[in-house]
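Student: This is the structure I have questions about; it appears just below.
Just so it is clear, none of the values below were taken in a lab; they were calculated from the coordinates. Every value quoted in this text rests on a predicted model; they were computed, and no experiment measured them. Cβ sites come from the backbone with ideal geometry, for glycine too, and all protein chains shown count toward neighbours.
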Amino acid sequence: MKKRILVAMSGGVDSSTVAAILKREGHEVIGVTMQLWDYGEGESGCCSADDVRDARMVAEEIGIPHYVVNYMDVFKKYIVEDFINKYLSGRTPNPCVLCNQFMKFNFLLRRAMELGADYLATGHYARVETDEEGRFYLCKAMDESKDQSYFLFALTQNELRRLIFPLGTMTKNEVRDVAKSMNIKVANKPDSQEVCFITGGDYREFLKNHAEVRNGKGEIVDTNGNVLGYHDGVFSFTVGQRRGLGVSKGKPLYVVKVDPESNRVVVGEENDIFRTTLIANDVIWINESPSDEIHVKAKIRYRHKESDAVVHTRSDREALVEFKDPQRAMTPGQAVVFYDSDRVLGGGWIKEVP
């Protein structure tokens, strides 16, 4: 059945191929590109002026209307300010999760509904499934090397019923082959790798240029409190970091804790960065919240291998997560996502690592 589908087009091969596939299937397709950040002259990044031009070019090639929506103000409020505040408070943010949660599946999804669309489609590598009772589930992509379900854990039933992920059953090579077969000019365009609003990849320079860096010179101490050296701001450190510490102790040192209140960075040996327990807040469950403890596979960062854990629900929005085996560098500010086989159960944000 023909559907009216809005496609979030970033100018890359994934979203371009999604638009082309849906158009070929006979749907009424509308391409929309979000303008999120002012990159300035000569700078480029995800959703830059070059990407907007690429998205518009692809839309013209496949014969669909294309629009650009300016979300720079809300992007700055919900994504960039959160990124800055987390680093300055000693946490390590993951802006890609928030961008999906707020920009794509809140603001853009609402715009799709306002335009009378039946669905919003994106180039994410993930799947949406339903059971016999009509409940929706977020599932991993068939190609686990490209799976992006970790970034989508905040989706609920209301969003999942309106979303399409056409690439969830495809590999990246298959997507590029389809794009080439359909003569899409961005078929060989490289994937963007860095945080989209940070050109050059140096978040420290970004913070210095865009934030009032409040915590200046402070101490770098070992786990016994002995002063080993000094730093110029806790925002330059993250748990598990080894390089760029500026101190030595005759053996490799790693950041164990970042404490903005005392303006101290605690370093130790590698075994000091392994923990078994974390506290997560702002926990979201895709279906019903468990009434008791639940055994899951948990992932503490995007490229982290899932590990056996037990989740103890403390309240509607907070949980204690206990891993069977110690995990390396569990980092406040990052997302922890819960899986049952290939299904995403939910997730939250690492608040504290006791």
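Student: Kindly provide the helix-only [θ] at 222 nm of the chain, computed as the sum of -39,500 (n - 2.57) over DSSP H runs of four or more divided by all residues, to the nearest 500 deg cm²/dmol?
Tutor: After summing the helix terms and dividing by residue count, I get -5000 deg cm²/dmol.
Student: Along the stretch 89-99, what does the Karplus equation 6.51 cos²θ - 1.76 cosθ + 1.60 (θ = phi - 60°) give for ³J(HN,Hα), rounded to whole Hz, x for Gly and Pro?
Tutor: My calculation for the stretch 89-99 gives 9, x, 10, 10, x, 10, x, 5, 5, 5, 4 Hz in order.
Student: What's the FRET efficiency of Q157 with D232 using the Cβ-Cβ distance as r and R₀ = 56 Å, to the nearest 0.05?
Tutor: 0.75
Student: A further question on this structure: Step by step: find N for the chain, compute 2.2 N^0.38 Å, then divide the Cα radius of gyration by it. What's the final number?
Tutor: Compactness ratio reported: 1.05.
Student: Still on this structure, I have one more. Points 7 angstrom from Cα along the Cβ direction at E114 and R314: gap in nanometres?
Tutor: Going by the 7 Å Cα→Cβ label model, 3.8 nm.
Student: Under 5 Å between amide hydrogens, which residues at least 5 positions from Q35 or on another chain qualify, with H placed 1.01 Å from N in the peptide plane?
Tutor: Long-range HN contacts for Q35: V69, N70, Y71.
Student: What does the extension gain come out to for E261 and V68, with contour length at 0.36 nm per residue minus their alpha carbon separation?
Tutor: Separation in residues times 0.36 nm, less the Cα-Cα distance, equals 65.2 nm.
Student: Which shape class, rounded, prolate or oblate, goes with the stretch 214-354 when its Cα gyration tensor gives a ≥ b ≥ c as root eigenvalues, a/c under 1.5 marks rounded, and past that a/b bigger than b/c marks prolate?
Tutor: Cα axes put the stretch 214-354 in the prolate bin.
Student: Would you mind pulling out the separation of the Cα centroids of the stretch 295-354 and the stretch 109-179, in Å?
Tutor: Answer, in whole Å: 22.
Student: Give me the net charge for the shell around G168: Cβ to Cβ below 15 angstrom, other residues only, Lys and Arg +1, Asp and Glu -1.
Tutor: Within the 15 Å Cβ shell, the charges total -2.
Student: Ranking request for peptides 65-71, 332-338, 242-248, 30-36: highest mean number of other beta-carbon atoms within 10 Å first, then the rest in descending order.
Tutor: Packing proxy ranking, top to bottom: 332-338, 30-36, 65-71, 242-248.
Student: What shape does the stretch 1-107 take by its C-alpha gyration tensor, where a ≥ b ≥ c are the square roots of the eigenvalues and a/c under 1.5 counts as rounded, a/b above b/c as prolate, and the rest as oblate?
Tutor: prolate
Student: For the stretch 106-155, just say rounded, prolate or oblate: build the C-alpha gyration tensor, square-root its eigenvalues into a ≥ b ≥ c, call rounded for a/c under 1.5, and beyond that prolate if a/b exceeds b/c, oblate if not.
Tutor: oblate
Student: OK, next. Which order do peptides 307-318, 258-269, 216-227 fall in by mean Cβ count within 10 Å, highest first?
Tutor: In descending order of packing, they fall as 258-269, 307-318, 216-227.
Student: Counting only DSSP beta bridges with both residues in the stretch 161-302, tell me the antiparallel percent, nearest 5.
Tutor: Of all bridge pairs located within the stretch 161-302, approximately 70 percent are antiparallel.
Student: Please determine, in degrees from 0 to 90 and to the nearest 10, the orientation of helix 49-62 with respect to the longest principal axis defined by the Cα atoms of the chain, where the helix direction is its Cα long axis.
Tutor: Here the helix axis deviates by roughly 30 degrees.
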